[in-house]
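The values are calculated or read from the model by the stated rules, or taken from the named source; none is laboratory data. On a predicted model such as this, the values are computed, not experimentally measured, just so you know. In this analysis, Cβ positions are derived from the backbone assuming ideal geometry, glycine residues included, and neighbour counts consider all displayed protein chains.
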Amino acid sequence: MSLDTASSGSKPPVLSRSNLSYHVYRLVNQPEKILGLLCLAVLSVLVLGPLFEIIHDALVYQSYDLAYRPEAKVGSFTLFHLERVFTGPLSKALFLKPLFNSVAVGVCVTVLGVGIGSGLAWLMVRTNIRFKGVFGALAVVPYMMPSWVLALAWLSLFKNDRIGGNEGMITSFFGVQPPDWVSYGFFPIVICLALHYYAYGFLLMSGALATVDSELEEAGAIAGMNRRQRLWRITFPLLLPALGSAVVLTFIRILGTFGTPALLGLPVRFFTFSTQIYASLNARNSGDAFVLALVLIVMAITFIWINSRVIGIRKSFVTLTGKGFRQREIKLGAWQWPATIAVAAFLVVTVLLPMLILLWESLVITPGEYSLKGLTAHFWIGKSDIDIANGEPGIWHSPGILTALWNTIKLGVLAAVCNGMLGLLVGYAAVRGRGTLLARWLEGVAFAPYIFPSIALGAIYIGMFSTPWGPLPALYGTFTILVLITVVKNLPFTSRTGIAAILQIDKSLEETARVQGIGWFRRMAKIIIPMSSSGVTAGMLLTFITATRELSLIILLLSPANMVLTGVIFSYNEHDMTQHSGAVTLFLVMIIVGANVLVRMLTGGGGLAGLRHT
Amino acid sequence: MEEIHLTGIRKSYGKEVAVRHLDLTVEPGAFLTILGPSGCGKTTTLRVIAGLEEPEAGEIRFGDRLIFSRQKGVIVPPENRNLGLIFQGYALWPHMTVERNITLGLKQMGLSAGETAERLDAALDKVQMKVYQHRYPSELSGGQQQRVALARMIASRSSILLMDEPLSNLDAKLRTEMRGELKRLHRDLEATTVYVTHDQIEALTLSDIVVVMDKGLVMQQGTPYEIYHHPANLFVADFIGDPGINRFTGTVSRNNGAVGLDCGDLWLPVPGDPPANAKDLVATIRPESINVSTEAREDWLKVTLESIQPKGSDTILQVRTGNHSITLLQPGFIRMDLGDPLWIDFETAALNFFDVESGTNLNQYPPA
């Protein structure tokens, strides 16, 4: 009984040949380790590789810098890009103004959006407001839509003569020009983004509210707290983690969003970081764009860090178990109907009205003339007519759009399949290897894309794949790069789905098979995949939806050869072909709604519940 | 029938040592139970034998076959060890019928369709589950699931069977029934069996050999009789037996010509002569080895009844004398009033003596 614990394990010789084969053989029999190493290697190339690549590119002279510094040697170390962005004469336009605009937009939208979302969540979960089912379904629609649909609708309504071309409905009906601050820039950007991104706050907060036990509040009442004290001392601290996630999620999305600030900001040269990165890349100053993308990432990380400091990284609240509690509905009394009408009006304005405006837009024959007489289906099904829209055919006959449609679906399906598989494999390696350094690294790297704002990730991918990189060819302009970046951006979500799915499969189910002589591939095929399929399928369909509506992430990587529907809409809008952009947008929305219906059918209505994990 | 032979096995998880040092031989065809409290390393030992955990040191052999040796660089993966294994939670695949649950592994072995069907039938017959062949596990009760898991293990016809607390998810009555069934199966199958449990009744009723473990070390290995009546140390003495064993600490001395263990206010008569340099030791006795009388008897110890717990077939009595509380077990349903006087007598032959410091059984009296 007195055997020494620490030193009794005499180490075998390290470099003998049998020892080496032993280690190789051992590794072969630990599939989760091999898998973990493979996943980690692939993810490192796809996630960390690009990051180091743009840090490198931002710190050395590039060939395009020779225009400014003819004496420079391409590839040698320089602070030139940093100086240009942070201290040079251009710094104010390149860095300070976009920084100020991004932060201002981000803060305003986050406050407004999370506020609206939380208020809506409280009304829907805790009060006796009417029509909860319909409202609940409508309130999450913005999550499925491209974020810039509202911006397109806004332009159709409030466009003025500032940038020429046709004017909006307000001018057409009332003959007045909306002032610039209404038509473009800060104000409409904040409104449009807030009316879209409130969905994140709503989803997260309604999930959290639904798990707070009313009894806790009642216990406070018995302890002599008044209504306000109960709210501040009990309910609010319990909701804090969800609120924190909502704030972080919204803010990072806003930092990386491109569509809305581009549509509403670029005409009046109102730049945010995302549009400035786009402009710098278009002006072939990639170095500036890379520096700006890095600043964005640093901002996002700082923000996550502050949030985790304030709220506490692992603050867990035992009451959030969803077990054995009841909820009391707060009676709104005389306010029941006014509240119901207000919510109905809000949802009509944010969800249905934009669709109607775009539908109307797509049906008018002359841009800017919104009379019921001039309605036409030409932009949907018409053949090329030289008198209308410079001969651009309706979307049903436009080869460009049909190609983009095919690309969009292809992108959605490929990304979904790759994400589903990768998520499952990452989940498997992370769960079976729990507690090892490898598993921790793997989970960390899979989560990393979360902190890259979409546009910054796009910039990173340009930096990395514009030239051959290691064994990979130059992927810029190919379809592959769109799939790659979509898979990577969705990885934090799908790897969590995968981890959750594998956690549900007890280790012993696999070990039993192992002992019976069933090898790894057959275990995957016969046990792991069938048992995790429902969760993974839901995750895949959600990836499909996010992939088809994506613009910010891929706008920098699109080219005529790999065009997708969102890119087509953006370019129609740039060319002031509003009927086409309206029609294509509605078409895209129909595809997304169809996919969502499929998700709901396959997951028994629980499709969107999975979103709360993001 | 194969022998299992473990030497110098050591396994830890990070800083936590699960198995410190283990030498164990399971005779061909024997039913060996590893018994111990949770965290003692018993499940780890089983998983090491199965190959689901890799020890840091030591050697494993099945018969002549070297299965694992860290020193010689040999490791046979669990897939190739030809074992039958059953888990506490049964580990039935929920998306497969009973039939598929059993045949999946058989198909892997490359058996013909005929042989597979024959083994399936035989295994299901053995556990009387033939009629449930096409059900899914969720459509079966806990006991039936247990039988399917058994059938799956039987169908593999492995010469080594490993069982990890297979009965602990069942309710008390079903557990007793399945215990009998396991014993019958073991006799039929003649496979070398390693059974892990924290339930001493299972260990005592089923096993040829019981291994008691604590904190990653073997505390005692022996037949159920040896474990129960001659515990090697105080840990085993305390761990085995329900109600628990009685302990008395004192010095052996002579008093008025009689020799006994002087425990302060309790005098426990023992045979023989006191040793020259008498020191403290611990004496233990099982509750059923103390005789009880309701009438005063000469030389018997008078005690007071403190609590009484009739279990039906027998009754647990808690009695007191001075500072000592003593547990007694008597057959039958006894009804008495608290506070009643009782007279007790210790069966001297049933006493075990232990060293106070090391806790090991002195195995002899008087101690040297």
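Some values worked out for this structure:
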item	result
Residues of segment B:38-47 that turn out to be within 12 Å of B:Asp164 (Cβ to Cβ) and away from chain A (no Cβ under 13 Å), as a count	3
Residue count, segment A:242-274 (criterion: hydroxyl-bearing (Ser, Thr, Tyr) and surrounded by fewer than 24 Cβ atoms within 10 Å (Cβ to Cβ))	1
Selection within segment B:65-94 - of a type in the set (Ser, Thr, Tyr) and either closer than 18 Å to A:Arg523 by Cα or within 9 Å of another protein chain (Cβ to nearest Cβ) (or both)	B:Tyr90
Residue, nearest to the other protein chains (Cβ to nearest Cβ), within segment A:464-483, restricted to residues that are assigned to a helix (DSSP H, G or I) and buried (at least 21 other Cβ atoms within 10 Å of the Cβ)	A:Val483
Residue match in segment A:133-144 (condition: closer than 23 Å to A:Val182 by Cα and in a helix (DSSP H, G or I))	yes
Checking A:Val85 against (1) closer than 26 Å to A:Ala67 by Cα; (2) among the β-branched types (Val, Ile, Thr); (3) surrounded by fewer than 16 Cβ atoms within 10 Å (Cβ to Cβ), the condition it does not meet	(3)
Within segment A:259-277, considering residues that are in a helix (DSSP H, G or I) and among the hydroxyl-bearing types (Ser, Thr, Tyr), the one farthest from A:Ala300 (Cα to Cα)	A:Thr260
Flag for A:Ile409 being β-branched (Val, Ile, Thr), in a helix (DSSP H, G or I) and at pLDDT 90 or above	yes
Qualifying residue in segment B:52-64 (condition: closer than 26 Å to B:Asp188 by Cβ, assigned to a loop (DSSP other than H, G, I, E, B) and more than 8 Å from chain A (Cβ to nearest Cβ))	yes
Residue tally, condition part of a strand (DSSP E or B) and either of a type in the set (Asp, Glu) or farther than 22 Å from B:Asp199 by Cβ (or both), over segment B:24-51	1
All positions within segment B:95-144 that are among the small types (Gly, Ala, Ser), in a loop (DSSP other than H, G, I, E, B) and either within 14 Å of A:Leu509 (Cα to Cα) or away from chain A (no Cβ under 14 Å) (or both)	B:Ser112, B:Ser141
Positions within segment B:70-94 being farther than 14 Å from B:Gln146 by Cα and part of a loop (DSSP other than H, G, I, E, B), in sequence order	B:Arg70, B:Gln71, B:Lys72, B:Gly73, B:Val76, B:Pro77, B:Arg81, B:Asn82
Residue selected from segment A:20-79 under the condition in a helix (DSSP H, G or I) and in contact with a strand residue (DSSP E or B) (Cβ under 9 Å, 6 or more places away or on another chain), by the criterion modelled with the highest pLDDT	A:Leu59
Residue ID - farthest from the other protein chains (Cβ to nearest Cβ), chosen from residues in segment B:5-18 that are surrounded by 18 or more Cβ atoms within 10 Å (Cβ to Cβ) and basic (Lys, Arg)	B:Lys11
Number of positions in segment A:157-202 that are farther than 27 Å from A:Val364 by Cα and surrounded by fewer than 23 Cβ atoms within 10 Å (Cβ to Cβ)	3
Qualifying residue in segment B:19-37 (condition: surrounded by fewer than 19 Cβ atoms within 10 Å (Cβ to Cβ) and within 14 Å of another protein chain (Cβ to nearest Cβ))	yes
